[in-house]
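Below is one structure, written out as structure tokens; the observations come after it.
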There are 2 protein chains.
Amino acid sequence: MPKIGMEKIRREALIGAALQAIHAKGSLDVTVGQIATRAGVSTALAHHYFGGKEDLILAAMRFHLTQLGLAVRSATATAQSPRARISAIISANFDENQFSAETISCWLNFYVKAQGSAPAARLLRIYVQRLRSNLIASLRPLVGARAANIAAAIGAMIDGVYLRQGLSGQAPDRVAAVRMVENFVEMSLRGAQ
Amino acid sequence: MPKIGMEKIRREALIGAALQAIHAKGSLDVTVGQIATRAGVSTALAHHYFGGKEDLILAAMRFHLTQLGLAVRSATATAQSPRARISAIISANFDENQFSAETISCWLNFYVKAQGSAPAARLLRIYVQRLRSNLIASLRPLVGARAANIAAAIGAMIDGVYLRQGLSGQAPDRVAAVRMVENFVEMSLRGAQ
DNA sequence: TGTTGTTAATTGATCAATCAGTCAAGAATA
DNA sequence: TATTCTTGACTGATTGATCAATTAACAACA
């Protein structure tokens, strides 16, 4: 029963289905057919709206990138100090939506995809860059020139926690994750004069 | 011109070729044919010696796991104190062989594979577990009960550095990597009483 | 030494399965 | 009717895996 203005609905459904499928299989090696079926449409329709598998995957990446961006902006909006902004950034990176089993396995797969796909690498670099500049902006008033190094370490630690969470097979522990990174931040700030 | 005793030679050649191919493509999505050609043998021979693609990939994982284990053991052998042993472990994880573009992209792919393959997950957990217990053993005399948390953070940071190195596309900077982790260790030890 | 049988090593050819992408035609709405 | 939406059916290409057949090394023996 075709209706008017289905494009947006279908695209969103297909992106959601792609993310589900990636998580379910733990790999980007999902067929367009599996994604389409999950979205309740035909393979041909997926191609019709996205042109090809590659573009569908990239759209799924962009979706998560946007979600994370929104979470960070929302969390930092109410922060009243540089220190509070740092905590808000960290907290947003580990919030319920980002630090879930499904999202984690998708990010992990995107990282691997980036090794062989220039567009995917570009998208991931946006994430890295954005996190980095957000952190540095908040760190500089507190630690000056050390901001860059500390930001890099925080970023690596966050990514590492994601990586290991994906491997553990256990339910993500947001509190422990935040505590680990916050502890590092505290030590880094204390180490500054 | 078949000779006797080729099995060991062929297996090593195929494992090496698999690692090269994985790095070259940046993905585990390499065909048995590509690997076999790189090793200078036929597809059928690869199957003959490894049973199937899965086993060949797992053998390649085991190879890196062994190499890393040897590097750590060799580095810690001469360490005269718990603190020195920690540095030796970190240094080994970032030595020339481990922290190379080829090895990094392989590890990254293995992490993803572990999400959908129980045997691969088991192998990776060996690595995580071994690093963890090595670190804790050396940390406990220095920081007591905080050892477990610090070890987890060090492990996450190491993995995170690998992850980001894979994405950067630049030549690995071992010195900077070691400095970042060592700096965290220093802060953690100073934070102990 | 020459002959013969046995085992190890290796491959070309091929199969069955899977998949991304295409297209023309059908169905619903305006 | 024109437009939008949707799909079944199909294809060209790829891939992991299999297997019968070939070649060479080796061993026992005459």
Counting just the residues of the stretch A:1-26 that are within 11 Å of DNA strand C (Cβ to nearest atom) and outside any helix (DSSP H, G or I), which one comes out nearest to A:PHE50 (Cα to Cα)? A:GLY5
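Mind listing just one residue for me: the one in the stretch A:1-48 that is polar (S, T, N, Q) and away from chain B (no Cβ under 14 Å) and, of those, farthest from DNA strand D (Cβ to nearest atom)? Let's see the steps before the verdict.
Filtering the stretch A:1-48 down to residues polar (S, T, N, Q) leaves A:20, A:27, A:31, A:34, A:37, A:42-43.
With the extra rule that they be away from chain B (no Cβ under 14 Å), the set shrinks to A:20, A:37, A:42-43.
Values: A:GLN20: 18, A:THR37: 10, A:SER42: 4, A:THR43: 6 Å.
It comes out as A:GLN20.
Inside the stretch B:96-132, can you point out the residues that are over 25 Å from A:SER27 (Cα atoms) and at pLDDT 95 or above?
Keep residues of the stretch B:96-132 that are over 25 Å from A:SER27 (Cα atoms), which gives B:96-97, B:130-132.
Answer for the stretch B:96-132, where residues must be over 25 Å from A:SER27 (Cα atoms) and at pLDDT 95 or above: B:ARG130, B:LEU131, B:ARG132.
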Residue under question is B:GLN67, and the condition is that it be in a loop (DSSP other than H, G, I, E, B), more than 10 Å from DNA strand D (Cβ to nearest atom), free of Cβ contacts under 8 Å to residues at least 60 places away in the same chain and under 17 Å from B:TYR162 (Cβ atoms); does it hold? no
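State which residue is nearest to the chain's Cα centre (by Cα) when the search covers only the stretch B:64-85 and only residues that are aliphatic (A, V, I, L, M) and over 30 Å from B:ALA17 (Cβ atoms).
Restricting attention to the stretch B:64-85, the residues satisfying the condition of being aliphatic (A, V, I, L, M) are B:65, B:68, B:70-72, B:75, B:77, B:79, B:84.
Next, from what is left, pick out any that are over 30 Å from B:ALA17 (Cβ atoms): B:77, B:79, B:84.
Numbers: B:ALA77: 19, B:ALA79: 21, B:ALA84: 21 Å.
Within the stretch B:64-85, the match that is nearest to the chain's Cα centre (by Cα) is B:ALA77.
Give the stretch B:178-190 a look and list any residue that's at the interface with chain A (Cβ under 9 Å from one of its Cβ atoms) and in contact (Cβ under 8 Å) with a residue 12 or more places away in the chain, or say none.
Keep residues of the stretch B:178-190 that are at the interface with chain A (Cβ under 9 Å from one of its Cβ atoms), which gives B:179-181, B:183-184, B:186-188, B:190.
Answer for the stretch B:178-190, where residues must be at the interface with chain A (Cβ under 9 Å from one of its Cβ atoms) and in contact (Cβ under 8 Å) with a residue 12 or more places away in the chain: B:MET180, B:VAL181, B:PHE184, B:SER188.
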Pick from the stretch B:154-175 the residues that are assigned to a helix (DSSP H, G or I) and more than 14 Å from B:ASN93 (Cβ to Cβ): which of them is farthest from the other protein chains (Cβ to nearest Cβ)? B:SER168
Only one residue in B:SER133, B:SER188, B:SER168 is of a type outside the set (A, V, I, L, M, F, W, C) and either crowded, with 20+ Cβ neighbours inside 10 Å or in contact with a Pro (Cβ under 6 Å, 6 or more places away or on another chain) (or both), so which one is that? B:SER188
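Taking only the stretch B:27-50 into account, find how many residues are aliphatic (A, V, I, L, M), outside any loop (DSSP other than H, G, I, E, B) and buried (at least 18 other Cβ atoms within 10 Å of the Cβ).
Qualifying residue count, the stretch B:27-50: 5.
In this structure, is A:LYS53 within 14 Å of chain B (Cβ to nearest Cβ), within 14 Å of DNA strand D (Cβ to nearest atom) and crowded, with 16+ Cβ neighbours inside 10 Å?
Working: within 14 Å of chain B (Cβ to nearest Cβ): yes; within 14 Å of DNA strand D (Cβ to nearest atom): yes; crowded, with 16+ Cβ neighbours inside 10 Å: yes.
Taking the combined requirement at face value, the residue satisfies it.
The values are calculated or read from the model by the stated rules, or taken from the named source; none is laboratory data. Source: prediction; values computed, not measured. Heads up, the Cβs are rebuilt from the backbone with ideal geometry, glycines too, and the neighbour counts pull from every protein chain shown.
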